[in-house]
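Accompanying notes for the structure given below.
The values are calculated or read from the model by the stated rules, or taken from the named source; none is laboratory data. Just so it is clear, the model here is predicted, and its values are computed rather than measured. Neighbour counts are summed over all protein chains in view; Cβ atoms, including those assigned to glycine, are modelled from backbone coordinates with ideal geometry. To get the accessible areas, we keep the full protein, side chains included, count just its heavy atoms, and leave off ligands, DNA and RNA. Shrake-Rupley method; radii C 1.70, N 1.55, O 1.52, S 1.80 Å.
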Amino acid sequence: MPTSTDLIRSAYAAFHRRDLDGVLAFFAPDILWTHPDGMDAYGLGGTKKGHREVREFMARVPGVFSEMRPEPEEFVGSGDRIAVFGTHHMRGARSGVSGTVKFVHSWRIADGKATHFEDHFDSAQVRNLLEPPADADPVGRILQTGLGFWHSKVLMSACELGVFTELARADRPLDAEELRTRIGIHPRGALDFFDALVSMDLLDREAGRYRNTAAAGAVLDRGKPEHYAGAILEFVSEHDYEPWGRLTEALRTGEPQTNVPEDGTDPFAELYADPERLRRFQRAMTSGSLPTITALAEAFDWGRYRTVADIGCSEGALLSHVLRAHPHLTGTGFDLPPVGPTVDETVAAAGLGDRMAFRPGSFLTDELPRADVLVFSQILHDWDLETKRMLLRKAYDALPEGGAVVIADALIDDERRHNTFGLLMSLHMLVQSPGGFDYTGADGIGWLTEAGFRDCRVQPLPGPRSLVVGVK
């Protein structure tokens, strides 16, 4: 029979594997999970109770630390009380500064489960890692930001040219000439292009031969369509890069720079009228949503519900992932009629013909499907304030008593100073749409409350996106 120390060691091992379910399997349902009050400013201080609050804590961690690895070194104690001495290996998500901080973990065990956990460390030392370092070279930092589009375009071009896909297909490192020939680029610039990708940690080079880094091979190979993050980069390069070059004009006029029909109405009408462009757009949206899709399926408590409708479902990737993760659910994808064929493909590929259906319609003009849960994933931010409020009123009308609306967007932090991605996404809406904008969690809760929802809350997800949830 494993000892308390054995069980605690297995919990650290699961944490290192990023296996949150494995960690929680060792935690009692009502575990008290405590961290220093000095981490309150980052949403990581104080005591959390139960699995849900631990999950919410873990979801906040990637926004604060790009690396967080506790290495236990000594276990002291016996029976139900164990102290662990070790070292946190940390890297600040915003600062990029890495370092180590000593910790003492206090564990209390009962019936093979952890009932109490306390993490003790010098929070002032951690804050020194998290806060951006003193600006020793302000001109260099400013110029690096101003020329950031160089990095962006190198990555986008690499995806468009299929650099990572060709290296994966070759199944061996390629020299510059062979790789250049395979992707069809001119000799001038080829070596600089490949070595720039090396410097950006996207390619490795050894003895003059190139191969994908592990990260690039995992998400930038077209041969892995379910994980291909390059789809959104290719779409952005083709459709968004030029309009963003007119941001100054958009700021001066308040007018979008693309994607708007002449009558100024639905910005998606032109897109949905072109089948090939629509298909690329759907793939791009799925590509950019993959982390949110996975996190939403895990973070929301689906157990109490039986039916779900994804409003603005695109090709149905989110809905199919949720249904596969939760076999007791059935679902409806709701979107404009041209989307139907790709949803049907998703249903067939996932083997969900008896549990997932497509319903054509416009959420602007038609009633929403009735279901226990309505999901708006990266939908609300496309629209002006009155449309946002109208959609939430429609959601309230379509839900049963006790039903939930789940909104997923890149929420701007309430202080409007930390989530740069959310703020830039809102500027993207300025460039791309007549009235769309991103918003804070407080805004979302306010609109839900106006529509009649109760028990409204913000639930952070890994990365820059969060959920706003309300119950009827």
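What helices does the chain hold that run 24 Å or longer along their axis, going by alpha-carbon atoms, with a Kyte-Doolittle average of -1.0 or more, using DSSP H for the helix calls? Could the numbers behind the result be given before it?
Values: long enough: 275-299 (34 Å, -0.32).
Helices meeting the span and hydropathy rule in the chain are 275-299.
Can you compute the helix-only [θ] at 222 nm over the chain? Use -39500 (n - 2.57) per DSSP H run of at least 4 residues, normalise by all residues, nearest 500 deg cm²/dmol.
-13000 deg cm²/dmol
Which of rounded, prolate, oblate describes segment 268-312, given a ≥ b ≥ c as roots of the alpha-carbon gyration tensor eigenvalues and a/c under 1.5 marking rounded, otherwise prolate only if a/b is larger than b/c?
Taking the square roots of the gyration eigenvalues as a ≥ b ≥ c, segment 268-312 is oblate.
If each residue of separation counts as 0.36 nm, what is the full-extension length gain between D366 and R279 once their alpha-carbon separation is subtracted?
29.0 nm
How big is the convex hull of the Cα atoms of segment 115-246, per residue, in Å³?
Convex hull volume per residue, Cα atoms: 228 Å³.
Going by average Cβ neighbours within 10 Å, how do the peptides 363-373, 238-248 rank, with the highest at the top?
Per-residue Cβ counts within 10 Å, averaged per peptide and sorted highest first, yield 363-373, 238-248.
Give me the one-decimal nm value for the distance between modelled label points at H186 and E270, 7 Å along each residue's Cα-to-Cβ direction.
It works out to 3.1 nm between the two label points.
Among the lysines in the chain, how many pairs, 8 or more places apart or on different chains, have alpha carbons under 21 Å apart?
Summing the qualifying lysine pairs gives 4.
No solvent, one uniform scatterer per C-alpha: report log10 I(q)/I(0) for segment 40-145 via the Debye equation at q = 0.11, 0.16, 0.25 1/Å, two decimals.
Debye curve over Cα of segment 40-145, log10 I(q)/I(0) at q = 0.11, 0.16, 0.25 Å⁻¹: -0.44, -0.82, -1.43.
Can you say what percent of the DSSP beta bridges in the chain, counting only those with both residues inside, are antiparallel? Round to 5. Don't skip to the answer; put the middle values down first.
Numbers: 52 of 75 bridges.
Around 70 percent of the beta bridges assigned by DSSP in the chain are antiparallel ones.
Calculate what fraction, in whole %, of the accessible area of segment 295-359 sits on carbon and sulfur atoms when a 1.4 Å probe is rolled over the protein chains.
With neighbouring chains kept in place, the figure for segment 295-359 is 53 percent.
Testing the spin-label approximation: label points 7 Å from Cα along Cα→Cβ at A442 and R389. State their distance in nm.
Once both label points are built, they end up 1.9 nm from each other.
Remind me, relative contact order of the chain in percent, using alpha carbon pairs under 8 angstrom and six or more residues apart?
Once divided by the residue count of the chain, the mean separation gives 10 percent.
Please sort by residue number the GluC sites (Glu not before Pro) in segment 384-472 whose DSSP state is loop and whose Cβ has at most 16 other Cβ atoms within 10 Å.
E401, E415
What does the convex hull of the Cα atoms come to per residue for segment 196-299, in Å³?
170
Within segment 191-219, whose backbone N sits under 16 Å from a point 7 Å along Cα→Cβ of R69?
Those under the cut-off are 214-215.
Once a ≥ b ≥ c are taken as the square roots of the eigenvalues of the Cα gyration tensor of segment 290-338, is the result rounded (a/c under 1.5), prolate (a/b larger than b/c) or oblate (a/b not larger than b/c)? Mind dumping the intermediate values first?
Values: a/c = 2.27, a/b = 1.40, b/c = 1.62.
Judged from the Cα gyration tensor, segment 290-338 comes out oblate (a/c at least 1.5, b/c at or above a/b).
Collect residues whose amide H, placed 1.01 Å from N in the peptide plane, falls under 5 Å from the amide H of Y210; neighbours closer than 5 in sequence don't count.
L174, D175
Based on the Cβ-Cβ distance from T115 to H89, what FRET efficiency comes out when R0 is 22 Å, to the nearest 0.05?
On the way: r = 27 Å, r/R0 = 1.23.
Efficiency computed from Cβ-Cβ geometry: 0.25.
Sticking with the crude label model, points 7 Å out along Cα→Cβ, report the distance from S98 to T253 in nm, one decimal please.
So the two model labels end up 4.7 nm from each other.
How do F281, F437 stack up against each other in accessible area, from largest to smallest, with a 1.4 angstrom probe?
F437, F281
Quote to one decimal, in nm, the extra length available between A218 and R454 on full extension: 0.36 nm per residue of separation minus the C-alpha distance between them.
Numbers: separation 236, 0.36 × 236 = 84.96 nm, distance 4.08 nm.
Result for the pair: 80.9 nm of gain on full extension.
If you count only protein heavy atoms with a 1.4 Å probe, what accessible area per residue comes out for the chain, rounded to a whole Å²?
49
Express the relative contact order of segment 102-184 as a whole percentage, based on alpha carbon pairs under 8 Å and six or more residues apart in sequence.
Once normalised by length, the contact order is 16 percent.
Is segment 99-155 rounded, prolate or oblate when judged by the Cα gyration tensor, a ≥ b ≥ c being the square roots of its eigenvalues, rounded requiring a/c under 1.5 and prolate requiring a/b larger than b/c? Before the final figure, lay out each step's value.
Values: a/c = 6.47, a/b = 2.41, b/c = 2.69.
Oblate is the answer for segment 99-155, as a/c is 1.5 or above yet b/c matches or exceeds a/b.
Once you have the Cα-Cα distance between R17 and E401, take 0.36 nm times their residue separation minus that, and quote the gain in nm to one decimal. Each step should come with its number before you reach the end.
Working: separation 384, 0.36 × 384 = 138.24 nm, distance 3.98 nm.
Answer, rounded to one decimal: 134.3 nm.
Pairs of alpha-carbon atoms within less than 8 angstrom and 6+ residues apart define the contacts here; what relative contact order does segment 297-342 have, in percent?
Across segment 297-342, relative contact order equals 44 percent.
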